[in-house]
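Data first, discussion second: the structure below is written as structure tokens.
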Amino acid sequence: MTTEHAIEAGHAAPANATEYISHHLTHLKSADGAFNLDTFWISAALGFVFLAVFYMASRRATAGVPGKLQNFVEMIMEMVNETINGAFHAKSKIIAPLAITIFVWVWLLNAMDFLPVDLLPKILTLFGVHNLRVVPTADVNHTFGMSFSVVLCIIAFSVKAKGLGGWIKELFTAPFHASGIIGTILLAPVNFLLQMVELVAKLISLSLRLFGNMYAGELIFILIALLPWWAQWALGGPWAIFHILIVTLQAFVFMALTVVYLSLAVEKH
């Protein structure tokens with residue numbers, strides 16, 4: 001995984017470490033440069049992997065002695081259900097499937113960091129693709145997109161629980177409550193501003209926490225790939241083992257915070 005591995009079909013190898021790092025941090029973009037195609041297609045492919053594995057597990061599920069796949073899926077579902085039962089106290093048919101989807105999908109996206117740095121980029125150079133980043137959650141656009149979806153879910157859950165009028169009323173009457181009409185009118189702008197700040201803070205905290213951890217992990221693997229092969233094994237192995245914890249923890253945190261935020265959304269203030 002040294003710079004020698006970065007030689008591409010029709011392209012020269014990066015001349016130095018800076019070019020090597022820059023090359024691995026460059027996205028495969030659409031023709032107009034507006035979209036990161038690698039992030040989109042890898043995320044979509046892993047989404048289908050998640051659906052296929054869980055569909056296969058459901059088809060093979062048995063009331064008797066469960067197989068390894070069924071045990072694995074049931075372990076994930078039990079962990080997610082425990083999180084939901086501890087944080088979400090309302091009734092919803094959506095929250096459990098949503099939480100499971102978030103955890104497994106984000107974990108798969110994060111786990112792309114375990115692939116050798118030059119493996120997929122080198123393979124795709126044979127097909128004329130010369131830029132590729134394989135960790136979607138190391139793309140801030142993707143983490144912001146997921147977090148924005150969570151914010152939309154927060155609004156939807158709140159509207160469903162309180163009604164459109166109740167949600168709009170809460171925007172102007174919480175967190176500071178007033179007993180009289182004049183006080184309510186005076187506090188309305190402050191309440192609305194704080195409600196918007198809260199939503200934006202949730203959006204930023206969810207996205208940047210995941211992005212920062214995965215971007216740092218990706219960069220460390222790239223730096224390790226610049227070392228001699230013996231140093232790559234000596235340092236890459238322990239870091240990969242430790243990174244398993246980071247990958248899993250970040251997927252769990254994103255899922256758990258989503259559940260907590262949705263629980264707060266359905267509570268009346």
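Axis angle, to the nearest 10 degrees, between helix 37-60 and the longest C-alpha principal axis of the chain: 80 degrees. Computed extension length for W233-N16: 76.0 nm, one decimal, from 0.36 nm per residue of separation with the Cα-Cα distance subtracted. Spin-label model, I220/S92: points 7 Å from Cα along the beta carbon direction are separated by 3.3 nm. A crude spin-label estimate for the pair L69 and I168, with each label 7 Å from Cα along the Cβ direction, gives 5.0 nm. Each Lys or Arg adds one and each Asp or Glu takes one away; over the other residues whose Cβ falls under 9 Å from the Cβ of V134, this sums to -2. Computed in the context of the full set of protein chains, the accessible area of the chain at 1.4 Å probe radius has 73% of its extent on carbon or sulfur.
Of the trypsin sites (Lys or Arg not before Pro) in region 47-105, the ones in a loop by DSSP (not H, G, I, E or B) with at most 15 other beta carbons within 10 Å are K91, K93. Between [x] 41, 25, 16; [y] 28, 22, 17; [z] 30, 26, 15, which matches semi-axes √(5λ) of the Cα gyration tensor in Å calculated for the structure shown? Computed from the coordinates, semi-axes √(5λ) of the Cα gyration tensor in Å corresponds to [x].
In this simple spin-label approximation, L115 and F35 carry label points 7 Å from Cα along the Cα→Cβ vector, and these lie 1.9 nm apart. Charged neighbours of G163, selected by a Cβ distance under 12 Å, balance to +3 (K, R count +1; D, E count -1).
Taking every C-alpha pair closer than 8 Å and separated by at least 6 residues, the mean separation divided by the residue count of region 57-206 gives a relative contact order of 15 percent. Measuring nothing but how far apart in sequence close Cα pairs (under 8 Å, 6+ apart) lie, relative to its length, region 24-99 scores a relative contact order of 14 percent. In this structure, the amide hydrogen of K29, modeled 1.01 Å from its nitrogen in the peptide plane, lies closer than 5 angstrom to those of L37, counting only residues at least 5 positions away or on a different chain. Normalised by 2.2 N^0.38 Å, with N the number of residues, the alpha-carbon radius of gyration of region 133-269 equals 1.47.
Note on L186 and F148: with the Förster distance fixed at 41 Å, the Cβ-Cβ geometry gives a FRET efficiency of about 0.80. Computed from backbone phi, the HN-Hα couplings of region 111-126 come to 5, 4, 5, 7, 5, x, 3, 9, 4, 5, x, 5, 5, 6, 5, 5 Hz, rounded to whole numbers (Karplus: 6.51 cos²θ - 1.76 cosθ + 1.60, θ = phi - 60°; Gly and Pro given as x). The mean accessible area for residues of the chain, using a 1.4 Å probe and ignoring ligands and nucleic acids, is 56 Å² per residue.
Relative contact order of the chain: 29 percent, from C-alpha pairs under 8 Å at least 6 residues apart in sequence. Once the C-beta distance of L203 and T62 is scaled by a Förster radius of 51 Å, the resulting FRET efficiency is 0.75 to the nearest 0.05.
The values are calculated or read from the model by the stated rules, or taken from the named source; none is laboratory data. Small disclaimer: the values here were computed from a predicted structure and weren't measured. Don't worry about glycine lacking a Cβ; one is built from the backbone with ideal geometry, like all the others, and counts go over all protein chains shown. These area figures cover heavy atoms from the full protein model, side chains too; ligands, DNA and RNA do not enter into them. Shrake-Rupley method; radii C 1.70, N 1.55, O 1.52, S 1.80 Å.
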